[in-house]
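The values are calculated or read from the model by the stated rules, or taken from the named source; none is laboratory data. Predicted model only: the values in this text are computed from it and were never measured. All Cβ positions, even for glycine, are placed from backbone atoms using ideal geometry, and neighbour counts span all protein chains on display. Surface areas here come from the heavy atoms of the whole protein model, side chains and all, with no ligands, DNA or RNA. Shrake-Rupley method; radii C 1.70, N 1.55, O 1.52, S 1.80 Å.
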Amino acid sequence: MKKISSIGTAAIVLTLFGFLSKATGFFREILFANYFGLSRDYEFYLVASIIPITLNSISLYIYQNYFIPTYSRQNQDDNEKASQFVKRVLINSLFISVVSLLILIIFRIQILEVYIGTQFISEKTELLFIIFSCTVPFGIISGFLTAYLQTKFNFKSPAIAGLMLNIFTIIALLVFKESNIIIIALAYFAGIFVQTVILFKVSKIWQIVLQKFQNPLTGFVSQNSPIIWIILIEVIGQLYVLSDRYFLSKVDQGGIAAINYATTIFLLPISIITISISTAILPKFSQLASSKLDSELKTKLSTALTNTSLIFIPITFLFIFFGREVIRILFERGNFNFQSTQMTYEVLFYLSLSLLFYSLYGILNKIFYVYEMVRTLFFVTVLGVCVKLLFNFILVDSMKQNGLVISTSSSYIFFFIMSVLIIHRRLKILDIKNIFKKILFYTFNGLFSLTITKILIVLVNSDSFLSDFIKIILFLLIFYTNNVLLNDAYQKKLFDELIRIVPQSNFIRNK
C-alpha cells in the first residue's frame, strides 16, 4: 500500500481509520449488549480476555516507543546494522511470544484464581482463557510488525489490518448470536491471526530474515535496556483503573460505573486523534533527532501541539458545557436514566478539565522516547501516579467519585507541566511562547463561540436528542468558522491536508 510521508496526512489517515475502528468497536459492543446483556457468559468472556488483551495492547505501545526511535538511530548510522537490529528484535519477539504463552497456559488456574476467585473457575472460563492466551503471540508479533511498517511511513496497512479484530467478532455475533460465547472468542482469535498474516505479508519481513545474521544475542542487553523502563512505564500506567476500583465502598452507588462511562467519553477523542498524531510523528521525529535537525523538529513539534490544541479546545468546551447533552445522546436509554446522566456528567466535568493537557502530553511523551529519556519519563510517571493516589485518599471521603476524577485530572496536568519543564530545559525544542499564544487564541474563540451558541439555543426551547445534537454542531460550526474568518493558518493547513488525502486526482485520472 502507498506510503505516507507527510505527518499531517499520516495523522489524518490514522484519525480516519481510528474513527472507523472505534465505530466498528462501538457496533460490536451494541451487539454484545443485544445478545448477551449482563449475562454470566459475557462476564466470563470479559474476565478471561482482560489479561491477554492487555498484554497485546502493552506490546504494541512498547514496540512503538522503543523500536521506532532505536531503528531510526541505527538506520542513520548503517543500513546493514539497522537490518540486523530488525532481525534481532524479531527473534526476541518470537522468544517472548513463546515464553508468554507458556506462562499463561501453565499457570492459568493460578492466574484465574487471583482475579476472579475459585468459585467462578469452570471449564468454560478455563477454555476462554486458553483461547485468548493463544492470541498473545500474534499480538506481540503484530505489535512489532506495526512498528516496523511505521518506520517506513506505512500507516495504512497496520490501520486496515487492525480492523480485522472487530470485523471477525461482529460477523461471529451476527451469525451465532448468543448461542455460544466460545465461538465469539474463537472469532477474535481468527481476527488477530488474519491481522498478523496481513502485516507479515505487507512488511515483507522475510527479506530481512533471510539475510545472513551474525551473533543474534550480541548487544542484546545494552540495546534492549530501554525496554525495561518502557515496560515499567506501561505497567505502572495500569494503576489508574485499579486504584479507582479500590474505593468502590466509599463512592456513591453507581459511582464507579459513572467513572467508567465518563472515561470512555473522555478517552474517545484521545484514542482517535492524539494517538493518531503521536503515532504519525514518532518516526519522523526519530529521524530528525537522529540527523540532529533540531530546528526542523522544533517546528514540527510546535505544529503538532498547536494542531492538537485546535482540535481539543473545542472538545473540552463541549464536554464541560455540553457534556450532559453528549451523555444523553450516547447513553441515556434503557436502564441508563436521567439520574445516571446527571452523575456521569459531574464526573465528566471534572475529568474534562485536564483533557487539553492530557492530549498535549500524548505528543510530548514521544519526545522522551525519541531522545532516549526513558528513565526520566519513568520517574515522571511514578510521581504522577503518586499524585493520583494521594489525592484519591484525600478527596474520596468528601467528594466521592468526583474526588477520584479530580485526582486523575490533577495527575494529567502534572504530567503535562513536568514534560514541558523537562523538555524545554534539556532540549530547547519547545516554542513555548508561540504555542501558548495559540492556546489562548483558541480558548478565547471557544468562550466567544460558547456565548453565541448559548444565545442562539435560547430560541430553541426543546428537550430532545435532536436539540442536543443541534447545540453541539452549532458550537463547532461557530468555533471553526471564526478561525476561518480570522484566517488561522494552522486550521487552513489542517483542512488542506484533509482535502488532499481525498483521492480526487485518481478519480479524475480514471475518468
Within the stretch 128-178, the residues that are of a type in the set (S, T, N, Q) and touching a Leu at 6+ places or on another chain (Cβ under 8 Å) are SER133, SER142, THR146, GLN150, SER157
Quick count over the stretch 177-197, residues being within 22 Å of ALA23 (Cβ to Cβ) and modelled with pLDDT under 90, is 2
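Let's see how each residue does on (1) small (Gly, Ala, Ser); (2) at positive phi; (3) open to solvent by less than 50 Å² (accessible area, probe 1.4 Å):
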position	(1), (2), (3)
VAL98	no, no, no
ILE105	no, no, yes
ILE109	no, no, no
SER122	yes, no, yes
LEU127	no, no, no
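Considering only residues that are open to solvent by 60 Å² or more (accessible area, probe 1.4 Å) and not aromatic (Phe, Trp, Tyr), which ones fall in the stretch 138-179?
Answer for the stretch 138-179, where residues must be open to solvent by 60 Å² or more (accessible area, probe 1.4 Å) and not aromatic (Phe, Trp, Tyr): LYS152, LYS156, ILE167, ILE171, LEU174, VAL175, LYS177, GLU178, SER179.
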Of the listed residues (ILE501, ILE422, ILE473), the one being of a type in the set (A, V, I, L, M) and either at pLDDT below 80 or over 28 Å from the mean Cα position of the chain (by Cα) (or both) is ILE501
Residue in the stretch 188-209 that is of a type in the set (D, E, K, R) and within 25 Å of PHE27 (Cβ to Cβ) present | no
